[in-house]
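Values quoted throughout were computed directly from the atomic coordinates according to the rules given, and no laboratory measurement underlies them. Everything numeric here is computed off the predicted structure, so don't read it as measured data. Every residue, glycine among them, receives a Cβ derived from its backbone with ideal geometry; neighbour counts consider all protein chains shown.
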Amino acid sequence: MDKIVITGGRGLEGEVRISGAKNAALPILISALLTEGPNTFHNVPDLVDIKTVKKLLASFGVRMEGGETLSLDATHLTRCEASYDLVRTMRASILVLGPLVARLGEARVSLPGGCAIGARPVNLHIKALQEMGAEVELRDGYVEACCPRLNGAEIYFDISTVTGTENILMAACLARGTTVLKNAAREPEIVNLAQVLTGMGARIDGAGTDEIRIEGVERLHPVEAAVIPDRIEAGTFMIAAGMTGGNIRLTGCDPTHLDALITKLRDTGMSIVPLADGLQAVGAARIRSVDITTLPYPGFPTDLQAQMMAYMTAASGLSVITETVFENRFMHVSELLRMGADIQIQGNSAVVKGTPGLRGAKVMATDLRASASLILAGLMAEGRTELLRVYHIDRGYQQIEKKFSALGADIRRVRA
């Protein structure tokens, strides 16, 4: 098993290209299930979760070739079951449920696994499919759904759910009549998916707002489209510039997807300058503390909360970081404490007191974004940091150690 070894204290400078967004690529690749013929998707990141979804799609009979540009042909689907062995490591696997029912009239999908950052129940997906006429049962750890053809319906999500919105958005494209999704999630990844589906011939209005209207069609056709850049990877490198007093040019990213983060980073004293092909992030000589509350988009992303907490350990004064999206998403705190951080948990908030400096230590990743925060802490800390369980980071960051090394960091991957 690998580990990442970091010797901190170096300012980061240079240019980094931001990869395609994992959270956009997963539903976009799955959307190929809705069509016959070869779809072509560009800017597909090379990640463990992408490899997992490719294996899952191949198990249905989807033919594929390529890498960053990937061709997917779902003309001849041979099965409609997503087994536990394939989906247990990735919660986004539930996204095949809606497309399979819409295309084949039935699906059997194992309840998914993934990072242990709190309950992300699929009940909202199930309830929506039932309202569209599907018969759904939970049996032996599987969701079993069937419906000869789904019917349009007015769906209200009790909470804003990204995967729920994506699942039903895809299903509704082939449903009979009109579907309206209310309290829909507004993330850029959903807009990207809607653009891909529209290119396939879907009729969608309102993506990016909290109400999406879909007029079902008889069939969809293949499309050529691109995955948007990963705003969470971009945010992680921007925070790294702030933590190390660095100067990083991020290319291939979209600053309009990062408004909440950019506002907070500027409040800490950083300079963030939009460029024609991305942005420039420059750290401040003195880091000011800020408070953070995670919210659904366009609020501050929960997927950047852990990284921001690591940053605030170097700030002057107190910061209060409140997590409202997921429970159990402070598991990185105990590891940051091992590095000398001063953090106290109070319910769903963490009070972070800036310290003179973190110290390198052996730490363990508990989930994808926690592992990113520990790498950032190691880049800033005095001495040597060893990060174990790096398989978490490989789920969502493409060759992160190589990208940081190219910016001047002393970081490498070794066999544990």
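A few points about this structure:
- For region 279-416, fraction of C-alpha pairs farther apart than 22 Å, in %: 35
- Volume per residue of the C-alpha convex hull in region 22-226, rounded to whole Å³: 100
- Listed residues 309, 188, 263: farthest to the positive end of the dipole of the chain (Cβ charges): 309
- Taking the Cα centre of the chain as reference, the dipole from Cβ charges on Lys and Arg (+1) and Asp and Glu (-1) amounts to some 1060 debye.
- Note on residue 2 and residue 327: the model spin-label points, each 7 Å out from Cα along the C-beta direction, lie 3.4 nm apart.
- Estimated Rh, region 344-416: Kirkwood, alpha-carbon pairs, angstrom: 13.4
- Modelled FRET efficiency - R0 30 Å, residue 78 with residue 17, Cβ distances, 0.05 increments: 0.20
- If the segment from residue 295 to residue 219 were pulled out straight at 0.36 nm per residue, it would be longer than the present Cα-Cα gap by 23.8 nm.
- Antiparallel %, DSSP beta bridges [both residues in the chain], to 5: 70
- Remark: spin-label model distance residue 158-residue 359 equals 4.8 nm, labels positioned 7 Å along the Cα→Cβ axis.
- Computed from backbone phi with θ = phi - 60° and the Karplus coefficients 6.51, -1.76 and 1.60, the 3J(HN,Hα) list for region 76-93 is 10, 7, 9, 7, 10, 10, 9, 6, 4, 4, 8, 9, 5, 9, 8, 5, 5, 4 Hz; x is used for glycine and proline.
- Those residues of region 7-37 whose amide nitrogen sits under 12 Å from the label point placed on residue 280, 7 Å along Cα→Cβ: 14
- Lys, Arg +1 and Asp, Glu -1 on Cβ, resulting dipole of region 22-226 about Cα centre, debye, nearest 20: 220
- Here the gap between residue 42 and residue 342, fully extended at 0.36 nm per residue and compared with their Cα-Cα distance, gives a gain of 103.7 nm.
- Extension gain from residue 288 to residue 316, taking 0.36 nm per residue of separation minus the Cα-Cα distance: 9.5 nm
- Note, ³J(HN,Hα) from phi for region 299-315, Karplus 6.51, -1.76, 1.60, rounded to Hz, x at Gly and Pro: x, 5, x, 4, 6, 10, 5, 5, 5, 5, 5, 4, 4, 5, 5, 9, 7
- When the C-alpha to C-alpha distance is required to be over 25 Å, the pairs from 51/182; 51/127; 55/127; 55/362; 51/264; 3/402 that qualify are 51/182; 51/127; 55/127; 55/362; 51/264.
- The chain: calculated mean residue ellipticity at 222 nm from DSSP helix runs of at least 4, using -39500 (n - 2.57): -8500 deg cm²/dmol
- For region 272-279, putting each phi into the Karplus relation 6.51 cos²θ - 1.76 cosθ + 1.60 with θ = phi - 60° gives couplings of 10, 10, x, 10, 4, 10, x, 7 Hz, in residue order, rounded to whole numbers and with x for Gly and Pro.
- With R₀ fixed at 51 Å, the C-beta to C-beta distance from residue 273 to residue 151 puts the FRET efficiency at about 0.55.
- Taking only Cα atoms of region 26-111, radius of gyration then Dmax in Å: 11.7, 32
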